[in-house]
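Trainee: A single structure is presented below for examination.
The values are calculated or read from the model by the stated rules, or taken from the named source; none is laboratory data. The structure displayed is predicted, hence computed values, not measured ones. Here the Cβ is made from the backbone with ideal geometry for all residues, glycine too, and neighbour counts use every protein chain on show.
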């Protein structure tokens, strides 16, 4: 058995040095938001960032570059709607499972000869059962 060496006190101190106080800076006056509220909102920010990381990974999202304001706003609307739905469903099934189940489903509207034909995938029983478990009422 190898004998244990001495503790590298300099290394221990170097690890301890960054540990200390954390400050929060805001331009909001104290009568608008208290210090505790600033910290609370800051702590909520990591949840938003974590959601975007999780969503981009689970949804296999990649950067899309838009130049027109309408395109940017439409893209952000879709992203936030997907994020909201994902959070709503999160307690009921994992996002990864939902993406795997829902990815094959497609809908299409094809216009030929002045007629629009609508097509959609048949919903497999497993997905139908999963969807039936969700309560669509707001606030639930």
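Trainee: Return the pair list, or none, for Cβ contacts closer than 7 Å from residues in segment 106-131 that are more than 26 Å from residue 86 (Cβ to Cβ) to residues that are surrounded by 10 or more Cβ atoms within 10 Å (Cβ to Cβ), at least 6 apart or on different chains.
Mentor: Partner pairs satisfying both residue conditions: 110/117.
Trainee: Another one. Just to be sure I understand, how many residues within segment 25-59 are modelled with pLDDT under 85, surrounded by fewer than 10 Cβ atoms within 10 Å (Cβ to Cβ) and assigned to a loop (DSSP other than H, G, I, E, B)?
Mentor: Looking only at that region, the number is 1.
Trainee: OK, next. Limited to segment 96-118, what total is found for residues that are exposed (fewer than 12 other Cβ atoms within 10 Å of the Cβ) and not in a strand (DSSP E or B)?
Mentor: Step one: filter segment 96-118 for residues exposed (fewer than 12 other Cβ atoms within 10 Å of the Cβ), giving 100, 103-104, 106-118.
Narrowing further to those that are not in a strand (DSSP E or B): 100, 103-104, 106, 113-114.
Qualifying residue count, segment 96-118: 6.
Trainee: Could you check residue 9 against (1) modelled with pLDDT of 70 or more; (2) under 30 Å from residue 129 (Cβ atoms); (3) surrounded by fewer than 10 Cβ atoms within 10 Å (Cβ to Cβ) and say which number it fails?
Mentor: Failing condition for residue 9: (2).
Trainee: Among the residues of segment 60-79, what is the count of those that are in a helix (DSSP H, G or I) and at pLDDT below 80? Full working, then the answer.
Mentor: Just the residues of segment 60-79 that are in a helix (DSSP H, G or I), to begin with: 69-79.
Imposing the further condition that a residue be at pLDDT below 80 reduces the set to 79.
The qualifying residues number 1.
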